[in-house]
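Comments concern the structure below.
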Amino acid sequence: MPKAVRRALWGIFFTAASAAWLWMGLHTALNHWPLKPWIHERLESEVKRRGADLEIGDVEIDWLGRFTFGPVTVRRASGAPMLEADRVHVRPSYRALLAGRAVPASVSLGKVRVDVGERGEALRELLSDRPSSSAPPPAGPAKESGLAVSIDDLEVRGSLRGQPLRLGEATQVRLAVSRSGPERSVAGRLSLPGGAAAILAVKLSGADLQATARLDDFALRSLDEALWAGLPLRATDGKVGAKLEVTSPDRLQSGKVELSLSAKGLFVSGEELSQEPLGPAGGSLELHGSWDLPGGRISVESARAQLGDDASVGLSVDAATTLGEDPRFEFHVRADKVDYQKAVAALPPQLRPDDEICLRTTGTLSAQLFVMGPVRRPEDWDVVPKLDLSKLKRDKAAGPASLIGPFDHEAIAADGKKQKVRVGPESPTYVPLADLPQHVIRSILISEDAGFYGHDGFDFSEIKASVVAAVNGTRGIRGASTLTQQLAKNLFLTREKTYARKVREALLTLALEASVPKDRLLEIYLNVIEWGPGIYGIGAAARYYFGVEAKALAPKQGAFLGTIIPNPTRYHVLFERGALTPSWEQDVKAVLDRQLQLGYIDQATYDSAMAAPLAFRRPDDEAAAKPDAGQGPAPAQGPAAAPAPAPASP
């Protein structure tokens, strides 16, 4: 080997040995240098300014210059731990070290436990005292930099509505922050139990912002029970996904947003929702919106909500809000030519009515709802609904319409007792609509559903009241259903008061309106509803209360029967008293007043009805009042001490 080569090799060897010796000495010195007080001092000042305290365990430096310290605990002013990490590993930026700057290139944390307190109060407390800096950015060109943060096992603790909260055990976090010139970017990934993942990407260049967030196949059953405490609904199973894209040219003063949501295999439960969990269900939402804060406007240009997998079963939405001292909004939702059978099939099984009346209904329906007005004054909102059932019809090929001819109905009282009611000429208490005096029919409609012959099954004036009540939080499920809705409930549904029942009721109402003529709907209604304890049908009611046939009911008697429909069992006390109370007399008078105003009765008939007290059946008139077998119990006797006067003349 040439002498020059040997000298070069020995030079390299001595240089490497010297460097290794120096590095070993430096490594030994650094590991014996009091790094813990120095690191603690640097971090403590920043943490304490946020009302917290810091505790750091042993500090070590490995042969590559990486710092390892822990455990680390950040405590609130109260002394309670807010953040705990078993170990923290920090790798410096070697490029920055060559330039004489100590800058971390990556931070890796082992098991991390975060306690956010009640509704995140610990985090708010920490961030509320964050000092603001008005110092200008350093002069000169920005340097390139980057930082990678990873957490291998993240657990979040706290409490929500008084319930212990625990989320994200075994969750992994990966976050990368970089800067190149005026451009800054953040990229992160949250790996959740069950294989779900959340992705975040944010890019900021000057005032221009672009952000994307995505959640894939998140299993709802992995959520802590405390999240649902105190809420009316809870999701017990299913997976959801979401994607959010935001662009803004002026630091969020204005911009556009696109949102996609999806759900599959969803099961939802709640006492007000249903008596049993609803599911499986699925659907999706696509939304495109924008905002302009200087211009004072937030808009949803288009949104499409789809039920199930059929794209034809869905709703389209557009909305806008103008900001200011008196913010106002406009909301428009529409469903165009939705196939009835496809819509029913897309619902969870628990919401699908399996009654023949629904199975026979075919065709499409269209609906629209406009709501607009001042945000803070729901009572001043304009609510304009539209419903088109002209394309909805009964499929005659599927079989006869059972409600058109005679049928048997099983009535169920509030106490659970069942009673068979025959709706047809075979029953001695059955009353055809044509046999009833017009003033009786008008009394029923005025009391229960004045717009019966003009609507398609729903009283849309009640929609505004329901919306206002829901916004104000003053009522739950509203009453005041239309006559068709009441008939759907009486014929096919139970007495449960849940939103699931209201959905089934709405579907049945549509089917009834499409399949059965209005006169027949009213005729069935009058012959099946409850008029008192065990009293079903207007024929039985006329005999029970007044000892007369229904076709002989006087105007005041018909008005009284109309006023007791909302709760005939409770109002039965009036019959037991033998006379009306003054307040109930006013209710009966209001029905007669309305008939007079509309010209259904003349002035002479009105004066005659108001002149005489209401005459209930005499206590000893059992023969006239007793229903035939199978139509109800024998009528109860009125008080012997309060015999009723003779019936008032029409």
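For segment 298-324, a residue qualifies if it is assigned to a loop (DSSP other than H, G, I, E, B) and more than 21 Å from the chain's Cα centre (by Cα), and the qualifying residues are 310, 311, 312, 323, 324. Scanning segment 312-341 for residues that are under 24 Å from residue 260 (Cβ atoms) and out of contact with any strand residue (DSSP E or B) (no Cβ under 9 Å at 6 or more places or on another chain) yields a count of 0.
Considering only residues in segment 549-570 that are in contact with a strand residue (DSSP E or B) (Cβ under 8 Å, 6 or more places away or on another chain) and of a type outside the set (A, V, I, L, M), the one that is modelled with the highest pLDDT turns out to be 568.
Report the residue count in segment 571-612 for those that are at pLDDT 80 or above, of a type in the set (Val, Ile, Thr) and either farther than 17 Å from residue 554 by Cα or part of a loop (DSSP other than H, G, I, E, B) (or both). Total meeting the criteria: 2. The residues of segment 331-351 that are in contact (Cβ under 8 Å) with a residue 24 or more places away in the chain and either surrounded by fewer than 16 Cβ atoms within 10 Å (Cβ to Cβ) or part of a helix (DSSP H, G or I) (or both), listed by number, are 334, 336, 337, 340, 342, 343, 344, 345, 346, 350, 351. Note on segment 537-595: residues that are among the β-branched types (Val, Ile, Thr) and more than 25 Å from residue 430 (Cβ to Cβ) amount to 3.
Yes/no per residue for (1) assigned to a strand (DSSP E or B); (2) buried (at least 17 other Cβ atoms within 10 Å of the Cβ); (3) touching a strand residue (DSSP E or B) at 6+ places or on another chain (Cβ under 7 Å):
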residue	(1), (2), (3)
232	no, no, yes
240	yes, yes, yes
256	yes, no, yes
268	yes, yes, yes
272	no, no, no
280	yes, no, yes
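Is it fair to say residue 602 is farther than 24 Å from residue 433 by Cα and either more than 46 Å from the chain's Cα centre (by Cα) or surrounded by fewer than 20 Cβ atoms within 10 Å (Cβ to Cβ) (or both)? Criteria not met by residue 602. Within segment 191-213, the residues that satisfy the criterion of being among the aliphatic types (A, V, I, L, M), in a strand (DSSP E or B) and either in contact with a Ser or Thr (Cβ under 6 Å, 6 or more places away or on another chain) or at pLDDT below 90 (or both) are 197, 201, 209. For segment 366-383, a residue qualifies if it is modelled with pLDDT of 90 or more and among the β-branched types (Val, Ile, Thr), and the qualifying residues are 371, 375. For residue 88, the requirement of being at pLDDT below 75, β-branched (Val, Ile, Thr) and within 49 Å of the chain's Cα centre (by Cα) is not met.
Among the residues here, residue 252 does not qualify as within 17 Å of the chain's Cα centre (by Cα) and either crowded, with 17+ Cβ neighbours inside 10 Å or without any contact (Cβ under 8 Å) to a residue 60 or more places away in the chain (or both). Set side by side, the residues 338, 383 differ, and just one is β-branched (Val, Ile, Thr) and within 26 Å of residue 290 (Cβ to Cβ), which is 383.
Residues that are modelled with pLDDT under 90 and closer than 29 Å to residue 428 by Cβ occur in segment 505-516; there is at least one.
To keep it simple, each residue is scored yes or no on (1) of a type in the set (A, V, I, L, M); (2) more than 21 Å from the chain's Cα centre (by Cα).
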| site | (1), (2) |
| --- | --- |
| 336 | no, yes |
| 347 | yes, no |
| 357 | yes, yes |
| 362 | no, yes |
| 369 | yes, no |
| 374 | no, yes |
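Selection over segment 410-451 of residues that are acidic (Asp, Glu) and in a strand (DSSP E or B) gives a count of 1.
The rows are residues; the columns are (1) at pLDDT 80 or above; (2) crowded, with 16+ Cβ neighbours inside 10 Å.
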residue: 429; (1), (2): yes, yes
residue: 437; (1), (2): yes, yes
residue: 441; (1), (2): yes, yes
residue: 453; (1), (2): yes, no
residue: 464; (1), (2): no, yes
residue: 474; (1), (2): no, no
residue: 480; (1), (2): no, no
residue: 492; (1), (2): yes, yes
residue: 495; (1), (2): yes, no
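The values are calculated or read from the model by the stated rules, or taken from the named source; none is laboratory data. It should be emphasised that the depicted structure is a prediction, and the values quoted were computed from it without experimental measurement. Positions of Cβ are backbone-derived with ideal geometry, glycine not excepted, and every protein chain shown enters the neighbour counts.
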